[in-house]
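Engineer: Provided herewith is a single structure, encoded as structure tokens, for subsequent inquiry.
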Amino acid sequence: MIDTGALVLLISPKGKRYLHKLDPALEAHTHDGKILMSEVAEAGYGHHVRTHMGRPYLVLKPTLYDLIKRVKRQTQIMYPKEIGYLILKMGIGPGTTVIESGTGSGGLTTALAWCVGDTGKVITYERREEFYKLAGKNLVRAGLDHRVEQVNQDITDGIQHTGADALFLDVRTPWEYLHHIPGAVIPGAMCGFLLPTTNQVCDLLRGLEDGPFCDVEVMEILVRHYKTNPDRLRPEDRMVAHTGFLIFARYMEPAEPWEPPVVEAVESLETDETTDEPIADFESVEDDQESPEE
Ligand SMILES: C[S@@+](CC[C@H](N)C(=O)[O-])C[C@H]1O[C@@H](n2cnc3c(N)ncnc32)[C@H](O)[C@@H]1O
């Protein structure tokens with residue numbers, strides 16, 4: 001039995017996927033006919049239901065991957081391959097507070113909200129109202145909106161939130177907003193960026209070099225899918241070759257200015273009367289001194 005309000009993934013015999021929030025009073029409309037959601041609830045995850053035309057559909061519990069792939073989009077959303085890596089790299093887990101911009105359609109926001117759990121929080125800034133609203137709907141659909149604070153604002157005007165454990169920017173010119181990061185995150189926080197072209201990455205690297213950031217890394221992730229025929233196992237003919245570059249850095253508190261250690265003035269040292277050289281008050285050790293025989 002599946003609870004009312006739970007998410008279900010229905011998969012057709014041809015592999016077409018439908019994501020629904022379960023309401024036993026409703027029907028799901030598919031290319032193969034209608035499915036009664038009360039029958040889906042009764043069947044449970046991992047079982048089949050039939051459409052009114054008799055076609056069997058799989059009933060599955062959606063994973064985070066399924067939720068991201070099913071986000072309704074008006075912007076390019078981040079790919080699961082980048083999202084998966086950045087979540088690990090940036091240490092996003094239960095209890096984490098993350099600041100993100102821009103929200104776009106809410107692909108990354110969905111993943112972050114899933115990972116921070118009920119004790120964490122995602123704060124996401126988006127300047128365009130239509131995307132802000134769309135992402136809000138996607139988050140409600142995924143049942144994750146209660147973990148997200150959406151802000152309909154351009155980060156050119158700053159980031160009001162403070163003390164975040166991590167910050168991620170998926171905007172075209174992130175180097176223009178680096179000066180807002182120190183006020184928004186805790187010292188040592190992981191900061192991440194996604195950029196599609198190398199010239200943008202170079203502009204960002206110049207900005208990060210000006211500090212206060214350290215531990216800078218640039219990378220990309222390639223994934224190749226295989227045809228799952230055990231008699232002719234080989235890669236798919238096509239692959240998504242390039243999506244974007246991931247850049248990571250840690251925000252550091254600026255260091256205190258470095259002062260060279262104070263050295264005692266030579267005049268105050270006792271001098272050798274014959275050579276006028278200062279007399280060392282320690283025993284000198286020759287570099288090439290042989291170590292004593294064992
Ligand atoms: C590529 S989309 C983000 C996609 C999102 N990461 C996802 O996975 O769905 C970039 C978004 O950043 C927003 N944006 C760009 N510059 C911004 C800024 N200065 N302040 C706030 N939002 C900004 C754009 O309006 C756009 O919606």
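The values are calculated or read from the model by the stated rules, or taken from the named source; none is laboratory data. Predicted model, so just to flag it, every value in this text is computed and none were measured. Ideal geometry is used to build each Cβ from the backbone, glycine not excepted, and the neighbour counts take in all protein chains shown.
Engineer: Could you grab me the full set of residues in region 147-179 that are assigned to a helix (DSSP H, G or I) and in contact with a Leu (Cβ under 9 Å, 6 or more places away or on another chain)? Steps first, answer last, please.
Structural biologist: Step one: of region 147-179, the residues assigned to a helix (DSSP H, G or I) are 147, 155-157, 174-179.
Hits for region 147-179 are R147, I155, P174, W175, Y177, L178.
Engineer: Among (1) assigned to a loop (DSSP other than H, G, I, E, B); (2) within 19 Å of the chain's Cα centre (by Cα), where does E100 come up short?
Structural biologist: Only one criterion is unmet by E100, namely (1).
Engineer: So which of L26, L86 ends up being in contact (Cβ under 8 Å) with a residue 24 or more places away in the chain and among the aliphatic types (A, V, I, L, M)?
Structural biologist: Working: L26 fails: in contact (Cβ under 8 Å) with a residue 24 or more places away in the chain.
Only one candidate passes the filter, namely L86.
Engineer: Considering region 1-23 alone, what residues qualify as being free of Cβ contacts under 8 Å to residues at least 40 places away in the same chain and among the hydroxyl-bearing types (S, T, Y)?
Structural biologist: T4, Y18
Engineer: Given the structure, is S105 outside the structural domain of I186 (by TED's automatic domain parsing) and surrounded by 14 or more Cβ atoms within 10 Å (Cβ to Cβ)? Steps first, answer last, please.
Structural biologist: Details: outside the structural domain of I186 (by TED's automatic domain parsing): no; surrounded by 14 or more Cβ atoms within 10 Å (Cβ to Cβ): yes.
So S105 does not fit the description; no.
Engineer: Could I ask something else about it? So is V218 among the aliphatic types (A, V, I, L, M) and modelled with pLDDT of 90 or more or not? Can you show your working first?
Structural biologist: Numbers: among the aliphatic types (A, V, I, L, M): yes; modelled with pLDDT of 90 or more: yes.
The answer is yes for V218.
Engineer: Moving on to the next point. Do the conditions hold for G95, that is, is it within 8 Å of the ligand (Cβ to nearest atom) and not β-branched (V, I, T)? Reasoning before the result, please.
Structural biologist: Numbers: within 8 Å of the ligand (Cβ to nearest atom): no; not β-branched (V, I, T): yes.
For G95, the condition - within 8 Å of the ligand (Cβ to nearest atom) and not β-branched (V, I, T) - is not met.
Engineer: What is the one condition in (1) surrounded by 14 or more Cβ atoms within 10 Å (Cβ to Cβ); (2) closer than 25 Å to V140 by Cα; (3) of a type outside the set (S, T, Y) that G46 does not satisfy?
Structural biologist: Of the numbered conditions (1) surrounded by 14 or more Cβ atoms within 10 Å (Cβ to Cβ); (2) closer than 25 Å to V140 by Cα; (3) of a type outside the set (S, T, Y), the odd one out for G46 is (1).
Engineer: Can you find even one residue in region 55-64 that is more than 29 Å from the chain's Cα centre (by Cα), away from the ligand (no atom under 16 Å from the Cβ), buried (at least 19 other Cβ atoms within 10 Å of the Cβ) and at pLDDT 95 or above? Break it down into steps so the answer makes sense when it comes.
Structural biologist: So the first thing to find is which residues in region 55-64 are more than 29 Å from the chain's Cα centre (by Cα), and the list is 55-59.
Checking the rest, the ones that are also away from the ligand (no atom under 16 Å from the Cβ) come to 55-59.
Subsequent filtering for residues that are buried (at least 19 other Cβ atoms within 10 Å of the Cβ) retains 57, 59.
Pick out the ones that are also at pLDDT 95 or above and you get 57, 59.
Yes, the conditions are met somewhere in region 55-64.
Engineer: For region 125-138, enumerate the residues that are without any contact (Cβ under 8 Å) to a residue 40 or more places away in the chain and within 9 Å of the ligand (Cβ to nearest atom).
Structural biologist: Y125, E126, R127, R128, Y132, A135
Engineer: Any residue in region 36-55 that is in contact (Cβ under 8 Å) with a residue 24 or more places away in the chain, in a loop (DSSP other than H, G, I, E, B) and touching an Asp or Glu at 6+ places or on another chain (Cβ under 6 Å)?
Structural biologist: Yes: one or more hits.
Engineer: Separate question: Is there a residue in region 44-53 that is of a type in the set (G, A, S) and closer than 27 Å to K133 by Cβ? Walk me through how you get there before you give the answer.
Structural biologist: Our first condition is that a residue be of a type in the set (G, A, S); within region 44-53, this holds for 44, 46.
Applying the additional criterion that residues be closer than 27 Å to K133 by Cβ yields none.
Taking every residue of region 44-53 in turn, none turns out to be of a type in the set (G, A, S) and closer than 27 Å to K133 by Cβ.
Engineer: Tally up the residues in region 65-81 that are over 22 Å from Y132 (Cα atoms) and within 12 Å of the ligand (Cβ to nearest atom), please.
Structural biologist: Quick first cut of region 65-81, residues over 22 Å from Y132 (Cα atoms) only: 81.
Now restrict to residues that are within 12 Å of the ligand (Cβ to nearest atom): none.
Residues in region 65-81 being over 22 Å from Y132 (Cα atoms) and within 12 Å of the ligand (Cβ to nearest atom): 0 in total.
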